[in-house]
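Chemist: Would you mind keeping the following structure in view while I ask a few things?
Please treat every number below as a calculation from the coordinates, not as lab data. Because the structure is a prediction, the values reported are computed rather than measured. A quick note on method: Cβ atoms are made from the backbone with ideal geometry, for glycine too, and the neighbour counts reach across all protein chains shown.
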């Protein structure tokens, strides 16, 4: 049986505080290019695109009882990706299929699809990398978070943090097309310009340049915030609480500002939740994947007709994946961070 | 025009930190016993019972843009009460009527009823003081908070903080009769005993005797908490978040542990809201008073048939009101804190 080389990116050890590239490493193993002798229900995939997502930070630490397992030290990092099926003993996937779902940070992975863990890609007239983003987990997250959790009404004032990220840029465009007033925050002038010039936000600001986030939000929302799409947590959440309107809604999608801290910052202004009758609701995309077909039906025409903008930040080469992931936590990426695995 | 003496409890000045009895004072003014010459829509009330409620702490400080105004220094404290109408130029209230609603901490008050600010008491076969509690604002709060905000399901595990208070003791009984498992926390052995022996809670504990609230909750809820009725905030909320089940609900009714702090404690564990898909929703009773008739229809038979227990802590005399209010913040009261104004 012929074997080929399989380059992998592994987690060396569990991480505390801010992760470094050196917490990850590369190695090369050997793998067979078929599933002979393996148990049924598996799929051998050649990985094409890997997705860098904020939630992955939590998997780099030892956690217990979380909604998702920690990575295993000395094993490949795991995450969403797009791949091509080389062999399959799973009835839903055939050799030659393109799929997206959970995979390993390596050239070839054997995956065991469960319900909603892997999806067959039926539409290939759009860039394949989109299935790590607008057509994959982040897209579905934006869709469910905005339309199902925020209970938006036309004319409402929407604030989005980490607004140029994979999820934020889509939430903003969904909210605009729904008839809301939309402001986003991001961490650089370049991102703020993108939000205003390309992504159609009504306004945007660089949170790093604001001494007083409460005052900044007051400036952008003189009539208060009705909906906050929460991606960052920490001081921003506290400032938002003071600027929320009565009966406002907070869709808690993530809190990236807290992931690299050993002790989370405390939210001081939670009493606003009582006095303003705020509904703050956390959600995970996993609970909404049954609505993926309905989402695709909405989003594919928008992409094809150029009615939605989607910004990706693609780096080439598996060996550059660790730096891309660290860059995500540093806010270095502009748009959705993707790693393209170049074929040999 | 004959005038009578009108003893009043006033707020001397705005309060920072923990309030003291000496922040309040008494004085005696004169008042006419009719509304001659006053503008229409007013009601002259002889106050019979005054209500001490946690939310009043916030009115003792200078706040801006809150859902309820600060008290005015050198003027009577305001709050809910039960009174008898001595004169009225308001079409809905007649001389001789008993009413409950906002009034002053004084013997005689002139009030200006607005929608849902004052209610005519139609049922007098139950103790009149109950209209400051089980049949008034706290009762309606418990009803709306549990049935409308918590979205309870039979068999769910419910935790209530400040559980022997005016609202908590009712929420616990509503939840029990609905078929939930109910545990409460309180701040003394006497209160804990009451919860278990008289109020029908499945279990209860004294939070002051627990070194580790996370572990305590784990002990009482080995299968996790589905619903948290939040009255206290602070460290308890943080401990609850770690013990909540997926898709749990937190009805945020109040955060009494924070009201006397100059800086609120931060909630550290809010990321649980995301990972456990928790819905945390604040509410104010004012939004639910249109359902007061439906509430009365449910609760009055339970009281008359002895199917619900209601514990009051009544002190006699307006001059004892400041100490009763401070006692509420110290947790000195056992059950709903009421002040009875003894007639001369």
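Chemist: With chain B rotated onto chain A, spot the residue of B whose Cβ lies nearest the axis and note the distance in whole Å.
Modeler: B:266, 1
Chemist: Taking Cα centroids, how far is segment A:13-29 from segment A:44-88 in Å?
Modeler: After rounding, the separation between the Cα centres reads 14 Å.
Chemist: Here is a further query. Could you tell me the distance between the Cα centroids of segment A:289-344 and segment B:259-307, to the nearest Å?
Modeler: Cα centroid to Cα centroid, the span is 41 Å.
Chemist: While we're on this one: Nm distances between the label at residue B:222 and the same-position labels in the remaining copies, 7 Å along Cα→Cβ, shortest first?
Modeler: Shortest to longest, the spacings are 6.0 nm.
Chemist: Suppose you put the label 7 Å out from Cα in the Cβ direction; list, shortest first and in nm with one decimal, how far residue B:123 is from each other copy's label.
Modeler: 5.8
Chemist: Would you kindly compute the Cα radius of gyration of segment A:137-286 and its largest Cα-Cα separation (Dmax), both in Å?
Modeler: Expressed in Å, the Cα Rg and Dmax of segment A:137-286 come to 13.8, 40.
Chemist: Here's a follow-up. Looking only at A:172, A:41, A:200, which one moves most when chain A is put into a Gaussian network model with springs between Cα atoms under 10 Å?
Modeler: Highest fluctuation of the listed residues: A:41.
Chemist: Additional query: Given chain B reduced to its alpha-carbon atoms as identical point scatterers, what log10 I(q)/I(0) does the Debye formula return at q = 0.07, 0.12, 0.15 Å⁻¹?
Modeler: Each listed q maps to, in turn, -0.30, -0.86, -1.29.
Chemist: Then there's this: Roughly how crowded by other chains is peptide B:258-268, in terms of the mean Cβ count from those chains within 10 Å of each of its Cβ atoms?
Modeler: 4
Chemist: Which semi-axis lengths, in whole Å and largest first, follow from the square roots of five times the eigenvalues of the Cα gyration tensor of segment A:9-57?
Modeler: Rounded to whole Å, the semi-axes are 29, 14, 11.
Chemist: Please report A:39, B:61, B:117 as a ranked list, fewest other C-beta atoms within 10 angstrom at the top and most at the bottom.
Modeler: The fewest-first ordering by Cβ neighbours comes to A:39, B:117, B:61.
Chemist: For a quick protection proxy, order the peptides B:155-162, A:79-86, A:293-300 by their average other-Cβ count within 10 Å, most packed first.
Modeler: B:155-162, A:79-86, A:293-300
Chemist: Just to confirm the number: angle between the C-alpha axis of helix A:321-330 and the first principal axis of chain A, 0 to 90 degrees, nearest 10?
Modeler: Orientation of helix A:321-330: about 10 degrees from the principal axis.
Chemist: Report, in deg cm²/dmol and to the nearest 500, the calculated mean residue ellipticity at 222 nm for the protein assembly as shown, where each DSSP H run with n ≥ 4 adds -39500 (n - 2.57) and the sum is divided by the residue count.
Modeler: -6000 deg cm²/dmol
Chemist: Calculate the mean, over all residues of peptide A:280-291, of how many other protein chain Cβ atoms lie within 10 angstrom of the residue's Cβ.
Modeler: Across the residues of A:280-291, the mean count of other-chain Cβ atoms within 10 Å is 4.
Chemist: So the label point sits 7 Å from Cα along the Cα-to-Cβ vector; using that for residue B:235, what distances do you get to the other copies, in nanometres, sorted shortest first?
Modeler: The answer, with the shortest distance listed first, is 2.8 nm.
Chemist: Between segment A:112-164 and segment B:196-234, how far is it from one alpha carbon centroid to the other, in angstrom?
Modeler: Cα centres, segment A:112-164 to segment B:196-234: 38 Å.
Chemist: Ratio of alpha-carbon Rg to the 2.2 N^0.38 Å globular estimate for segment A:224-266, to two decimals, please.
Modeler: On the way: Rg = 10.8 Å, N = 43, 2.2 N^0.38 = 9.2 Å.
This ratio for segment A:224-266 stands at 1.18.
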